[in-house]
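Here it is, the structure in full.
The values are calculated or read from the model by the stated rules, or taken from the named source; none is laboratory data. Being a predicted model, the structure only gives us computed values, none of them experimental. Neighbour counts are summed over all protein chains in view; Cβ atoms, including those assigned to glycine, are modelled from backbone coordinates with ideal geometry. Each accessible area value is taken on the protein alone, full model and side chains, heavy atoms only, with ligands, DNA and RNA left out. Shrake-Rupley method; radii C 1.70, N 1.55, O 1.52, S 1.80 Å.
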Amino acid sequence: MDLFAQATALARAGRPQDGVRLIETAAEAGDPEGGFILAHWLLYASDRPRDLSAACRLLESAADKGKPEAARVLAHLTANGAGCEPDAQKALELLKRAAATDAIASAQLAMLPLLRSEDSAADSASEQVSADPHIEIVRALLSPSECAYLMERAEPLLKPSYVDDGRTGIGRPDPIRTSHGAAFLPHEEDLVVQAINRRIAAATGTRTGNSEALYVMRYTPGQQYRPHMDALPGLKNQREWTAIAYLNDGFEGGATTFPKLDLSLRPDAGDLLVFRNSGGDQQPDPRMLHAGEPVTAGEKWIATRWIRHGPHDPYDRG
Ligand SMILES: O=C(O)CCC(=O)C(=O)O
Ligand SMILES: [Fe+2]
């Protein structure tokens, strides 16, 4: 039985602390599997305070001992400068090392030469839907292969979408949003996702460091996002902008509607819908109520960036 299975068996037998101790002891002894698991507990802050630097050190040691998944996750953190100095060259070397035996890393590596440049955001035609409030569609910002890549990467990570409680900032299931989704937190934000995030920032005139994690959503028939506001009253660092990349075509229903503005939009795959949720005073703009209408056939995939007024830590849900 591998280490994780042993720890899980202990937890199931009512001895979770022994399971945790088993992983910690293995990690301390330099076991790459133990180090990889402990690094994730430190990244997710699941049972202990978040410590990105400690996670990087554990991943580095596990990667040096030949664990490709550790090299891949460390590549993401290194490219991002999360928990360590940003170093694009080192990130690429780590990814190449991982790609020799890790299918996810090799798919990522294969995408890199196909990525559109950050400057290409300026070449995408932008159509103004409304000047005030600001709503626009940037056409074909993402290529078909980039859209396919995001859906493929997100699929195994999908979980029922939660809605953050405006008061507590804690996520909970809510019939308002019945889709499934996956957030690309900094350690999951691979080099392709980082490039896409930079392009979305360039297209919206915002900074990557102001955004929440890219959130990929999938709606199957009957699923929807009922009318809601992305800006939340009382949020100290407001969700000023929303940028939604549409990743596929070939579904029915699922338009994005703004009931107060009498607008119904159905952008094409690769397009980015951008709208402003709050004014300069950071107060939610009531006109920006919007919904993802129920999908009636096929699947609808989108990727959303909720962009804050100022710098935001994507690990911080508040
Ligand atoms: O699915 C849609 O069209 C809307 C999604 C949305 O409102 C959001 O991501 O905040
Ligand atoms: Fe929304």
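Can you give the FRET efficiency to the nearest 0.05 for Lys90 and Asp262, using r as the Cβ-Cβ distance and R₀ = 35 Å?
0.10
Any idea of Glu293's accessible area? Nearest 10 Å², probe 1.4 Å.
Estimated to the nearest 10 Å², Glu293 gives 80 Å².
Ordering Glu69, Glu212 from largest to smallest accessible area (1.4 angstrom probe), what's the sequence?
Ranked from most to least accessible, the order is Glu69, Glu212.
Right, here's the next one. Lys96: which aspartates and glutamates have alpha carbons under 14 Å from its alpha carbon, excluding same-chain residues fewer than 8 sequence positions away?
Partners within reach: Asp64, Glu69, Asp190.
Using a 1.4 angstrom probe on the protein heavy atoms only, could you order Lys67, Lys90 from most to least accessible area? Write out the running numbers ahead of the final one.
On the way: Lys67 30, Lys90 70 Å².
Descending accessible area places them as Lys90, Lys67.
On the principal axes of its Cα set, how long, how wide and how thick is the chain? Give whole Å, largest value first.
Computed over the chain, the largest-to-smallest principal extents equal 62, 44, 40 Å.
So, with a 1.4 angstrom probe, what is the percent of accessible area on the chain that is carbon and sulfur?
Ligands and nucleic acids excluded, carbon and sulfur give 53 percent.
Continuing with the same structure: What accessible surface, in Å², does a 1.4 Å probe find on Asp123, ignoring ligands, DNA and RNA and rounding to the nearest 10?
Around 130 Å² of this residue is reachable by solvent.
For the charge dipole of the chain, defined by +1 on Lys and Arg C-beta atoms and -1 on Asp and Glu C-beta atoms about the Cα centroid, which residue among Gln238, Met1, Gly14 has the Cα displaced farthest towards the positive pole?
Looking along the dipole axis, the top candidate is Gly14.
Considering amide H positions built from the backbone, and no H for Pro or chain starts, which residues 5 or more places from Leu214, or on another chain, come under 5 Å of its amide H?
Here Phe184 satisfy the definition.
Which of Pro284, Pro186, Pro233 moves most in a GNM of the chain, Cα contacts under 10 Å?
Pro233
Further question: In degrees between 0 and 90, to the nearest 10, how far off the longest principal axis of the chain does helix 52-64 point, with axes built from Cα atoms?
Here the helix axis deviates by roughly 60 degrees.
Sticking with this one: For Arg15, Arg199, what's the largest-to-smallest order of accessible area, 1.4 Å probe?
Arg15, Arg199
Taking the 0 to 90 degree range and rounding to the nearest ten, how far is the long axis of helix 32-44 tilted relative to the main principal axis of the chain, both from C-alpha atoms?
40 degrees
Can you give the charge dipole size of region 126-308 about its Cα centre, rounded to the nearest 20 debye, using +1 on the beta carbon of Lys and Arg and -1 on the beta carbon of Asp and Glu?
Values: 20 positive and 24 negative charges, 86 e Å.
Roughly 420 debye, rounded to the nearest 20.
Something else: What residues have an amide H closer than 5 Å to that of Leu263, excluding those fewer than 5 places away on the same chain, when H is modeled at 1.01 Å from N in the peptide plane?
Phe258
Non-local amide H neighbours of Gly270 (under 5 Å, H modeled in plane, Pro and chain starts lacking H): which ones?
The answer is Tyr246, Leu247, Asn248.
For the chain, what is the accessible area per residue in Å² when the probe is 1.4 Å?
45 Å²
Something else: Rounded to the nearest 500 deg cm²/dmol, what is the calculated helix-only ellipticity per residue at 222 nm for the chain, with -39500 (n - 2.57) per DSSP H run of length n ≥ 4? Each step should come with its number before you reach the end.
Numbers: 9 runs with 108 residues, N = 318.
Result for the chain, helices only: -10500 deg cm²/dmol.
Under a 10 Å cutoff between Cα atoms, tell me which one of Gln128, Gln17, Gln224 has the largest fluctuation in the Gaussian network model of the chain.
Gln17
May I pose another question? How tilted is helix 144-154 with respect to the longest principal axis of the chain? Cα atoms for both, answer in degrees (0 to 90, nearest 10).
Helix 144-154 sits at roughly 50 degrees to that axis.
Same structure again: How much of Glu24 can a 1.4 Å solvent probe reach, expressed as accessible area in Å² and rounded to 10?
Rounded to the nearest 10, that gives 40 Å².
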